[in-house]
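I have placed the structure first, in the form of structure tokens, so that the comments after it can refer back to it.
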Amino acid sequence: MSKNLKLIEAIKNKGKNIEAEMSFFDHLEILRWHIIRAVIVIICLAIFFFTYIDFIFEHIIMGPKNLDFWTYQMMCKVGNALNLEGFCVEKIPFHLINTDLGGQFMLQINSCLLLSFAAGFPYLLFEVWLFIKPALTVVERRSAQGFVLYATILFVIGALFGYYIVVPLSVNFLANVSVSDLIDNQIRIDNYLSTIATLTLGCGIVFLLPILVFILSKIGIMTPEFMRASRRYAVVIILIIAAIITPTADILTLLTVSAPMFILYEVSIMVSSNVKKRKVQAEKEFYNQ
């Protein structure tokens with residue numbers, strides 16, 4: 001009798017394992033199609049941007065190197081209004097060079113891919129949302145409404161902040177650092193592009209901090225009390241992240257980058273506190289029924 005029970009139990013467990021394995025591969029298949037759709041969108045956007053590569057190169061890629069860039073003009077106006085000597089950018093002394101046979105062609109390809117990733121970021125978030133949505137409860141879906149919209153807004157604000165503030169400040173500082181007049185700055189075009197892309201996209205991703213805190217607070221990992229108690233450590237970490245994002249020793253640039261991150265941290269505390277209040281309110285309503 002016991003042998004028959006063991007056999008039946010083994011068959012049941014085998015059936016559960018097969019069902020779980022099928023479910024796992026089904027999820028992989030669904031994920032594969034989400035990735036395929038995202039890649040198709042990125043490629044289509046890259047092809048679209050490739051048709052306007054001349055405009056992209058002249059006004060977007062080379063923008064932070066030109067003295068007529070919006071940020072440099074604003075710095076000059078502020079410097080003149082406040083009588084700040086040396087605040088106006090008068091020169092960006094470096095020349096761009098290409099050292100590879102296919103370097104300029106790859107510059108076009110990489111520029112279009114980076115722009116397509118930035119422009120297609122909202123759709124990438126939408127695909128992520130479509131993948132995780134079936135696993136959420138009705139309450140979790142309601143609480144996560146607007147995820148794509150809010151994350152997109154934060155990413156766009158961060159990317160614009162990176163491109164118009166962090167990039168020109170970093171380029172201006174690094175270009176004007178001189179050990180000796182005997183040394184000319186000959187910068188590889190791929191290094192210049194990677195610097196602009198890293199600073200711009202890096203700031204966009206960093207600005208997603210409130211979204212990350214919201215998710216962690218929802219699953220109970222992050223609490224407002226913990227964030228308030230860790231504020232002094234957060235200041236150090238933010239300064240380190242700002243130093244990594246901006247590869248300069250300029251204090252003004254460091255503080256300019258870190259200031260929005262301090263604000264984002266305080267906003268994240270408010271987000272976590274709001275999540276906790278909703279949880280407490282939901283528990284009270286549940287026990288009062």
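Its DSSP H runs of at least 4 residues, each contributing -39,500 (n - 2.57), put the calculated 222 nm mean residue ellipticity of the chain at -24000 deg cm²/dmol, to the nearest 500. By how many nm would the segment from Ile40 to Ile251 grow when fully extended, if each residue of separation counts as 0.36 nm and the alpha-carbon distance is taken off? Stretched out fully, the Ile40 to Ile251 stretch lengthens by 71.8 nm. Applying 1/(1 + (r/R0)^6) with R0 = 22 Å to the Cβ-Cβ distance of Ile240 and Phe173 gives a FRET efficiency near 0.75. Looking at the chain, do any whole DSSP H helices span at least 24 angstrom along their long axis by alpha carbon and average -1.0 or above on Kyte-Doolittle, and which? Those that pass (Cα extent of 24 Å or more, hydropathy at least -1.0) are 2-50, 189-206, 251-288.
Percent of C-alpha pairs per 10 Å bin in the chain, short distances first: 5, 19, 25, 22, 15, 7, 4, 2, 1, 0.
Taken along the Cα-to-beta-carbon direction at a fixed 7 Å, the label points for Asn66 and Tyr123 span 2.8 nm. What residues have an amide H closer than 5 Å to that of Arg188, excluding those fewer than 5 places away on the same chain, when H is modeled at 1.01 Å from N in the peptide plane? It is Ile97, by chain and number. Placing unit charges on each Cβ (+1 for Lys and Arg, -1 for Asp and Glu) gives the chain a dipole about its Cα centre, and among Phe126, Ala282, Gln73 the Cα reaching farthest toward its positive end belongs to Ala282. Measuring from each cysteine beta-carbon in the chain, the ones with no other cysteine beta-carbon under 4.7 angstrom are Cys44, Cys112, Cys203.
A full extension of the chain between Asn83 and Ala135 corresponds to an added length of 12.8 nm, given 0.36 nm per residue minus the alpha carbon distance. Relative protection proxy for 195-208, 81-94, 149-162, 47-60, from highest mean packing down: 195-208, 149-162, 47-60, 81-94 (other beta-carbon atoms within 10 angstrom). Computed about its Cα centre, the charge dipole of the stretch 88-177 is approximately 280 debye, with only Lys, Arg, Asp and Glu carrying charge at their Cβ. One quarter of the convex hull surface built on the alpha carbon atoms of the stretch 198-249 amounts to 4.1 nm², the projected area averaged over directions.
Note on Met74 and Glu266: their simple-model spin labels are 2.0 nm apart, each label 7 Å out from Cα toward Cβ.
Residues of the stretch 198-239 with amide nitrogen under 18 Å from the 7 Å Cα-to-Cβ point of Met106? Output list for this probe position: 198. Residues within the reach of a label modelled at His95 (point 7 angstrom out along Cα to beta-carbon, backbone nitrogen below 14 Å), restricted to the stretch 183-221, are 183-189. Remark: the stretch 2-207 carries a charge dipole of roughly 1200 debye about the Cα centre, counting +1 on each Lys and Arg Cβ and -1 on each Asp and Glu Cβ.
Every read-out reported here was derived from the displayed coordinates using simple, explicitly stated rules and does not represent laboratory data. Treat the numbers as computed from the prediction; the structure is a model and nothing was measured. Don't worry about glycine lacking a Cβ; one is built from the backbone with ideal geometry, like all the others, and counts go over all protein chains shown.
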